Number of protein chains: 2
Amino acid sequence: MEALRRAGKAWLEKATHPLIAWFDARRVTPNQLSVTGLIVTLASTPLIATGWLTTGAILFGLGSLTDALDGALARHHAQASKFGAFLDSTFDRIGEGAALVALAVYFANADRNAAVAATAVAMLSGNLTSYVRARAESLGVNCEVGWVSRTERVTIMGLGMLLHVPEYMIYLLAALTSFTVGQRVWHVHRRLAE
Amino acid sequence: MEALRRAGKAWLEKATHPLIAWFDARRVTPNQLSVTGLIVTLASTPLIATGWLTTGAILFGLGSLTDALDGALARHHAQASKFGAFLDSTFDRIGEGAALVALAVYFANADRNAAVAATAVAMLSGNLTSYVRARAESLGVNCEVGWVSRTERVTIMGLGMLLHVPEYMIYLLAALTSFTVGQRVWHVHRRLAE
């Protein structure tokens, strides 16, 4: 899992490098990319909520990718700021959460109440994954562990909608994400016990 | 708001002091209280989901209160540990989130889809409120600001269910909590700009 993730990240960094350089040449700032990414992601939510899953998934994927580029742009230009990093990670949470709100509405409209519950669990666990890490870091414990971090969650969501299997996707997402929370809590426990 | 909150906290601390001393005499540890609080809170969720709002609200209130006492017990006994603080705040998130998952199911069963959306927004914003604070603290910025922190959110939820006005409650909660996220992001922006 870890090796796969690192390979994926390296590939993405290489594949998007020309784009990063293009943005950099046009003096686009990382924060502008963050804001644009969030706006595109938010634009996907009414589509998802009303069942336009394909177009919704494409917009959601584009928005998430834009938001993933801002960190790379910041590093490229040595513009990495504390507020930029804070804004970036907060916007990540808002974008992912908004897509899940939209999915909850979609499932509620389709009278899939078990899927509504799974969506809420996936949202809670996704937020907990990030919360546990931030809280651990505020206690001085590094916490980049566990099966599914934000990139995997967003990929699962995007693919599930694109392939029109939102229900399977949401059960898988809820299970994997909850498991990851357990992994992180356990990790913090062990580190702090040392 | 701030003065009201401080007065409430002081009152609660005084009112629960005999209970804290009782627990302490029986060698109850703060972590045991955290776990008990979470179990009681989780026990409320099937009740809430199936519309037993009064009993659900009472159990939810009891669980949240138990979870609020663990910090006081830790201070009383000078048992405050890093992992205890971490566990406590993570359990707070899980308990509050689980009650909102239950409310989402309740609204979905009642075909109140707008309320389902508001529940998801309240959950997202509630998690963001905590996330923004933890993330800010990991950057060295104190972030105990904003109108509604966990105590207020839990009080609003408990009262709304107890008074059988879950829909009004969830719209109020979603609005107030989202506003608080904005307040915190703005606060971090100003602090980091200094």
- Task: Along Cα-to-Cβ, 7 Å out, sits the label point; list in nm, shortest first, how far the one on A:Gly8 is from those in the other copies.
- Result: 4.1
- Quick one: Karplus J couplings for segment B:96-102, per residue in order, coefficients 6.51, -1.76, 1.60, θ = phi - 60°, nearest Hz, x for Gly and Pro? 4, x, 5, 5, 6, 4, 4
- Which lysines does B:Lys82 reach when only Cα atoms under 27 Å apart count, and residues fewer than 8 places away in its own chain are ignored? A:Lys82, B:Lys9, B:Lys14
- Query: Which whole-number percentage describes the relative contact order of segment A:1-74, with Cα contacts under 8 Å and a sequence gap of 6 or more?
  - Reply: 38 percent
- Note down the nm distance, to one decimal, between modelled labels 7 Å out along Cα→Cβ at A:Ala7 and at B:Arg5. 4.8 nm
- Write out the chymotrypsin sites (Phe, Trp or Tyr not before Pro) in segment A:104-194 meeting two conditions: DSSP loop, and at most 16 other Cβ atoms within 10 Å of their Cβ. A:Trp147
- Query: In nm, to one decimal, how far is the modelled label at B:Ile58 from the one at A:Trp147, with both set 7 Å along Cα→Cβ?
  - Reply: 4.0 nm
- Query: In nm, what is the difference between 0.36 nm times the number of residues separating A:Ala15 and A:Trp186 and their Cα-Cα distance?
  - Reply: 58.0 nm
- Message: Could you give each residue of segment B:20-35 its phi-based ³J(HN,Hα) in whole Hz, using Karplus coefficients 6.51, -1.76, 1.60 with θ = phi - 60°, and x for Gly or Pro?
- Response: 4, 4, 4, 4, 4, 4, 8, 6, 6, 8, x, 5, 5, 5, 4, 5
- Please report how far the C-alpha centroid of segment A:64-134 lies from that of segment B:77-156, rounded to the nearest whole angstrom. 15 Å
- Item | Isotropically averaged projected area of the protein assembly as shown, using the convex hull of Cα atoms (one quarter of hull area), nm² | 19.4 nm²
- Note on the structure: hull vol. (C-alpha, convex hull) per residue for segment B:107-147, Å³ -> 59 Å³
- Item | Per-copy distances of the B:Gln32 label point, shortest first, in nm (7 angstrom along Cα→Cβ) | 6.0
- Note on the structure: Placing one equal point scatterer on each C-alpha of segment B:33-99 and summing with Debye, one gets log10 I(q)/I(0) at q = 0.18 Å⁻¹ equal to -0.60
- Loop-only check: which trypsin sites (Lys or Arg not before Pro) in segment B:6-96 are DSSP coil with at most 13 other Cβ within 10 angstrom? B:Arg26, B:Arg27
- Message: Return the Rg/Rh ratio of chain A with Cα-based radii and a Kirkwood Rh.
- Response: 0.98
- If you stretched the chain out fully between B:Lys82 and B:Val165, how much longer would it get, using 0.36 nm times the residue separation minus the C-alpha to C-alpha distance? 26.0 nm
- Using modelled backbone amide H atoms (1.01 Å from N, in-plane), which distant-in-sequence or interchain residues come within less than 5 Å of A:Val148's amide H? A:Thr180
- Using only Cα atoms, what Kirkwood radius does segment B:72-157 have, in angstroms? 14.6 Å
- Item | Per-copy distances of the A:Ile58 label point, shortest first, in nm (7 angstrom along Cα→Cβ) | 5.6
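A short reminder: the numbers here are calculations on the coordinates, not readings from a lab. These figures come from a predicted structure and were not determined experimentally. Cβ: placed from backbone, ideal geometry, glycine included. Neighbour counts: every protein chain shown.
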